[in-house]
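Chemist: Quick one: this structure, given as structure tokens, is what I'll be asking you about.
The values are calculated or read from the model by the stated rules, or taken from the named source; none is laboratory data. Because the structure is a prediction, the values reported are computed rather than measured. Please note: Cβ atoms are built from the backbone with ideal geometry, for glycine as well, and neighbour counts cover all protein chains shown. Side chains are part of the model used for accessible areas, which takes the heavy atoms of the whole protein and leaves out ligands, DNA and RNA. Shrake-Rupley method; radii C 1.70, N 1.55, O 1.52, S 1.80 Å.
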Amino acid sequence: MCGIIGIASNKSVTSNIINSLKRLEYRGYDSSGVATIDDNTINEKKCPGRVEELEKLLFNSPSSGNVGIGHVRWATHGLPNQINAHPHSSELVSVVHNGIIENSENLKQNLEKDGYKFKSQTDTEVITLLLTKFLKKFSPLDAVYKTLEKLTGSFALGILFREHQNIIIGARRGSPLAVGYSNNENYLGSDSYALKSMTNKISYLDDGDVCVLTKDHIEFYDSKKNKKNKKVLILSEDKNETKLGDFKNFMSKEIFEQPFTSSNCINEYIDKIRNDINIIDFPLNPKKLNKIVLIGCGTAYHSCLVAKYWLEELTDLNVEADIASEFRYRNVKFNKSNLYVFISQSGETADTAAALELCKKNNVKTCSIINVVESTIARSSDWVLPIHAGPEIGVASTKAFTGQLLVVYILILKIAEIRKNINRKIFLEKISNLKKLPDLLKKSLKSEDKIQIFAKDFIDAKGSMFLGRGSSFPIALEGALKLKELSYLHAEGYPAGEMKHGPLALIEDGLPVIVIAPKDKYFEKTISNMQEVIARGGKVLLITDKKNEVINENIRFKLEMPYIESLLNPFLTTIPLQLLAYHVALLKKCDIDKPRNLAKSVTVE
Ligand code: AGP
């Protein structure tokens, strides 16, 4: 995929365009370019390679102008070279494009018959020359509508007009596009990342929308050229995200941020008007997919394991999940119809990055689900899905975990819908349930008071067990990992059904055991396993949801989580486990944000 930016201002725009392109590099970096309009002249500068190459080019040959567009490219049509880099300009317009014009060959032949000459091998250039043709008879806005009528395929466009140097026109069909608002300056960009270094006020275009942007004003039109209004969203402020505010430490702040970050993420991926998912530029046609392989480390690996259960429930795909440090040394049988999905908060984890490089060497398609979009793993992946959780400072991953789960779930829903594994009614139901998640996360955080009491049981404990079945098993692993890394106490996450094959020997009087048993198809079986533990003296914290009335006087505590459709249980049951690890670590006076021996990003093997 590619990234686009446009800025109309009362001052020179080139340096802000470059800064935004650096934030957009996760979307592609085969080549990049900028076009500005100054004194009725289109100044187009572009080159292959990373944005820093473009920066050098502009340093040696500056472009001035108060209106401009920029682009980072991930080549779909034509080699990643200077000629094919965007923008694509004619004597009248300059265009940047993210998407694929499926009928570009046919349009090119017609334009060549009309005497137009092509310079590049790209599909985008047909847009440039169609606009040039229509501008001879129509206004910029009408020329855009005339052009869009000719196009089949997906696009997010940013367009400059030499003879109308105070406007930028944007258009969206299929590929995401947003606008940003500021004083004496307005912006067009592929996503909020492109814009958030300049503004926190944005609106998203819907499919079919066109916008006309000047430094003072933005107008929106629908596919029929009727004027429309747009809701202005306020983005979370990056600078606040790295400040503690009223919290004692970053981990508690990030635990309690999860309703907000999940809401942010849903806003980025769910088109609330069309009730659809804004994921379209798959590097592989989902209908032709054979298998999805999920790879990560630590908490990110636990996201992979949860995703495995979701994929098996919602799609007919084969699926595999592996730890990156294992995957990279296995004799993997690569398959070009598999999609290799890398989950990582930092995007710098050495084992995950190495596993990704192994996939690239084997010419298979890769996707990364990532929090730091400027990171190595993001830049090396064919396709990046940001989790929009904002900077995560605490070494123990919390909001990034729920963000990873959210994005991989949304991706799976979209794949299931495209493959017709779920019908439209089910798809809409699941979108509707997803929208309830931020509020239910908020309610789940209210379990903190009870958790604080249960945390005392761990102070003198020899260890602890976390048990679950199905997608609650990876949550058991995650809960144990949180407790280990924060309080330095031994804790074991285990499949509840496996206890009788050995680990039951560990249960003794007073041992804290956390049983995760929402009302899903595993509930009864997990409760039986819980009884086996209680019969041997285990002190059980049962985490379940409202629908269960499990009476057992020997349960130490029962936490009733808000009820949600069972597939989404992992989001809620992980919250008390994060709080438990946090409060045990507080009682033990451990360093909450920087636990001993650990690092936020493990950039070595
Ligand atoms: C989780 O709390 C740990 N910080 C650790 O397991 C982490 O998830 C793992 O190192 C992977 O990091 P990444 O998500 O940045 O790739």
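Chemist: With T122, T147, T132 as the choices, which residue is buried (at least 24 other Cβ atoms within 10 Å of the Cβ), part of a helix (DSSP H, G or I) and polar (S, T, N, Q)? Steps first, please.
Modeler: On the way: T122 fails: part of a helix (DSSP H, G or I); T132 fails: buried (at least 24 other Cβ atoms within 10 Å of the Cβ).
Within the list T122, T147, T132, the selection yields T147.
Chemist: Being more than 19 Å from the chain's Cα centre (by Cα) and assigned to a strand (DSSP E or B) is true for just one of E357, E320, E312, E326. Which residue is that? So that I can check it myself, show each step before the final result.
Modeler: Details: E357 fails: assigned to a strand (DSSP E or B); E312 fails: assigned to a strand (DSSP E or B); E326 fails: assigned to a strand (DSSP E or B).
So the residue among E357, E320, E312, E326 that is more than 19 Å from the chain's Cα centre (by Cα) and assigned to a strand (DSSP E or B) is E320.
Okay, residues lined up against (1) over 26 Å from the mean Cα position of the chain (by Cα); (2) touching a residue at least 60 places away in the same chain (Cβ under 8 Å); (3) assigned to a loop (DSSP other than H, G, I, E, B):
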{"position": "I5", "(1), (2), (3)": "no, yes, no"}
{"position": "A8", "(1), (2), (3)": "yes, yes, no"}
{"position": "I18", "(1), (2), (3)": "no, no, no"}
{"position": "L21", "(1), (2), (3)": "no, no, no"}
{"position": "K46", "(1), (2), (3)": "yes, no, no"}
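Chemist: Inspect all residues belonging to the range 469-479 and state whether any of them is away from the ligand (no atom under 16 Å from the Cβ), part of a helix (DSSP H, G or I), touching a residue at least 60 places away in the same chain (Cβ under 8 Å) and of a type outside the set (A, V, I, L, M). Walk me through it before giving the result.
Modeler: Within the range 469-479, the first condition is being away from the ligand (no atom under 16 Å from the Cβ), and the residues that meet it are 469-473.
Going one step further and asking which of them are part of a helix (DSSP H, G or I), we end up with 472-473.
From the residues that got through so far, the ones that are touching a residue at least 60 places away in the same chain (Cβ under 8 Å) too are 472-473.
Adding the requirement that they be of a type outside the set (A, V, I, L, M) leaves 472-473.
Yes, the conditions are met somewhere in the range 469-479.
Chemist: Do you know which residues across the range 59-75 are at negative phi and crowded, with 19+ Cβ neighbours inside 10 Å? So that I can check it myself, show each step before the final result.
Modeler: Restricting attention to the range 59-75, the residues satisfying the condition of being at negative phi are 59-64, 66-75.
Of everything in the range 59-75, those that are at negative phi and crowded, with 19+ Cβ neighbours inside 10 Å turn out to be S63, N66, V67, G68, I69, G70, H71, V72, R73, W74.
Chemist: Select, from S344, S375, the only residue that is at pLDDT below 95 and either among the polar types (S, T, N, Q) or within 10 Å of the ligand (Cβ to nearest atom) (or both).
Modeler: On the way: S344 fails: at pLDDT below 95.
Answer to the check: S375.
Chemist: I need the full set of residues from the range 393-430 which are over 28 Å from L483 (Cβ atoms) and either of a type in the set (A, V, I, L, M, F, W, C) or within 16 Å of the ligand (Cβ to nearest atom) (or both), in order please. Outline the logic, then answer.
Modeler: Step one: list which residues in the range 393-430 are over 28 Å from L483 (Cβ atoms), which gives 410-430.
Across the range 393-430, the qualifying residues are I410, L411, I412, L413, I415, A416, I418, I422, I426, F427, L428.
Chemist: Is it true that some residue in the range 208-218 is small (G, A, S), surrounded by fewer than 23 Cβ atoms within 10 Å (Cβ to Cβ), farther than 21 Å from S15 by Cα and in contact with a strand residue (DSSP E or B) (Cβ under 7 Å, 6 or more places away or on another chain)?
Modeler: Here is the first cut: in the range 208-218, the ones small (G, A, S) are 208.
Restricting the remaining residues to those that are surrounded by fewer than 23 Cβ atoms within 10 Å (Cβ to Cβ) gives 208.
Now narrow it down to the ones that are farther than 21 Å from S15 by Cα: 208.
Next, from what is left, pick out any that are in contact with a strand residue (DSSP E or B) (Cβ under 7 Å, 6 or more places away or on another chain): 208.
Yes, because at least one residue in the range 208-218 is small (G, A, S), surrounded by fewer than 23 Cβ atoms within 10 Å (Cβ to Cβ), farther than 21 Å from S15 by Cα and in contact with a strand residue (DSSP E or B) (Cβ under 7 Å, 6 or more places away or on another chain).
Chemist: Being within 16 Å of the ligand (Cβ to nearest atom) and surrounded by 15 or more Cβ atoms within 10 Å (Cβ to Cβ) is the filter; apply it to the range 326-341 and report the residue that is nearest to E254 (Cα to Cα). Spell out how you get there, then give the answer.
Modeler: First, pick out the residues of the range 326-341 that are within 16 Å of the ligand (Cβ to nearest atom): 326-328, 340-341.
Adding the requirement that they be surrounded by 15 or more Cβ atoms within 10 Å (Cβ to Cβ) leaves 327-328, 340-341.
On the way: F327: 30, R328: 31, Y340: 29, V341: 25 Å.
It comes out as V341.
Chemist: Could you tell me which residue of the range 482-505 is nearest to the ligand (Cβ to nearest atom), considering only residues that are open to solvent by 30 Å² or more (accessible area, probe 1.4 Å) and in contact with a strand residue (DSSP E or B) (Cβ under 7 Å, 6 or more places away or on another chain)?
Modeler: My answer is E492.
Chemist: Has the range 376-386 got any residue that is touching a residue at least 24 places away in the same chain (Cβ under 8 Å), assigned to a helix (DSSP H, G or I) and buried (at least 24 other Cβ atoms within 10 Å of the Cβ)? Full working, then the answer.
Modeler: Our first condition is that a residue be touching a residue at least 24 places away in the same chain (Cβ under 8 Å); within the range 376-386, this holds for 376-386.
Narrowing further to those that are assigned to a helix (DSSP H, G or I): 376-380.
From what is left, the residues that are buried (at least 24 other Cβ atoms within 10 Å of the Cβ) are 377-378.
Yes.
Chemist: Identify all residues within the range 178-218 that are hydroxyl-bearing (S, T, Y), in contact with a Phe, Trp or Tyr (Cβ under 9 Å, 6 or more places away or on another chain) and at pLDDT below 95; write none if there are none.
Modeler: Step one: filter the range 178-218 for residues hydroxyl-bearing (S, T, Y), giving 181-182, 187, 190, 192-193, 197, 199, 203-204, 214.
Next cut, in contact with a Phe, Trp or Tyr (Cβ under 9 Å, 6 or more places away or on another chain) only: 181, 187, 192-193, 199, 203.
Residues satisfying the conditions are S192, Y193, T199, S203.
Chemist: Can you name the residue in the range 533-564 that is among the β-branched types (V, I, T) and closer than 23 Å to D460 by Cα and, of all such residues, is surrounded by the most Cβ atoms within 10 Å (Cβ to Cβ)?
Modeler: Initial filter on the range 533-564 (among the β-branched types (V, I, T)): 533-534, 540, 543-544, 550-551, 555, 564.
Checking which are closer than 23 Å to D460 by Cα leaves us with 533-534, 540, 543, 555.
Details: V533: 23, I534: 19, V540: 22, I543: 32, I555: 16.
Among those that are among the β-branched types (V, I, T) and closer than 23 Å to D460 by Cα, it is I543.
Chemist: In addition: Residues being more than 22 Å from F161 (Cβ to Cβ) and part of a strand (DSSP E or B): count how many of those fall in the range 183-202.
Modeler: Number of matching residues: 2.
Chemist: Quick one: which residue in I295, I323, I280 is within 16 Å of the ligand (Cβ to nearest atom), within 26 Å of F571 (Cα to Cα) and open to solvent by 20 Å² or more (accessible area, probe 1.4 Å)? Show your work before the answer.
Modeler: Values: I295 fails: open to solvent by 20 Å² or more (accessible area, probe 1.4 Å); I280 fails: within 16 Å of the ligand (Cβ to nearest atom).
Result of the check over I295, I323, I280: I323.
Chemist: So, in the range 506-532, how many residues would count as being more than 16 Å from N552 (Cβ to Cβ) and exposed (fewer than 14 other Cβ atoms within 10 Å of the Cβ)?
Modeler: 4
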